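All remarks here apply to the structure that follows.
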Amino acid sequence: MPMISVIVPVYNADKHLNCCIDSILAQSFTDFELLLIDDGSKDSSGRICDEYATKDSRVRVFHKENGGVSSARNLALDKVQGEWIAFIDADDYVKKEYLIDLYNDAVANNADFVIQDFEFVKENGTVIERWYKPVEGVYLKEDIIRLVKEQSLETRGYSVSKLFASSIIRQY
């Protein structure tokens, strides 16, 4: 059973998909599974996903009719095996320490949910904007609403840069 399940919903993403998947598979933390959910892509995304599954046993692919990103993520949530869940979009790529940094923060703080900073980057590598994580510390469940408002997560609810305990997602 993997420690972390990484979920990537995929829809017509063949332009960025290889970069995304390669960055995930190159993680320094290797105890993870990668669930690629092809949400009815009309380009070569589904084939690309299948090719990665034949090359790496950590990759599992599910094909479904197009239903949107939430539908794809929900299908994946029914299939995850990990104790932790990370979401990455098909046009994102992550640094080599992405999973280990999230995991170490979760374990060190006995947390159920971790948020880290991330950057918006142009294709040439130029940083457009850096989005910072909240003030470092451990927050109680009651603090989450305030935290969400302070960090504008209600309008900037990006899935990348977060790690969730599977038990919390199943419970809620």
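Taken together, the values in this text are just the output of simple stated rules run on the coordinates, not laboratory data. The structure displayed is predicted, hence computed values, not measured ones. Heads up, the Cβs are rebuilt from the backbone with ideal geometry, glycines too, and the neighbour counts pull from every protein chain shown.
Of note:
- Environment charge at residue 41 (Cβ cut-off 12 Å; Lys +1, Arg +1, Asp -1, Glu -1): -2
- Computed packing ranks the peptides 4-16, 49-61, 92-104 as 4-16, 92-104, 49-61, most packed first, by mean other Cβ atoms within 10 Å.
- Distance between the 7 Å Cα→Cβ label points at residue 107 and residue 26: 2.4 nm.
- In this simple spin-label approximation, residue 159 and residue 171 carry label points 7 Å from Cα along the Cα→Cβ vector, and these lie 2.3 nm apart.
- Tensor-based shape of the range 48-98 (alpha-carbon gyration tensor, a/c under 1.5 rounded, otherwise prolate or oblate): rounded
- Shape of the range 11-81, Cα gyration tensor, a/c cut at 1.5: oblate
- Gain in span if fully extended, residue 95 to residue 44, counting 0.36 nm per residue against the direct Cα distance: 15.9 nm
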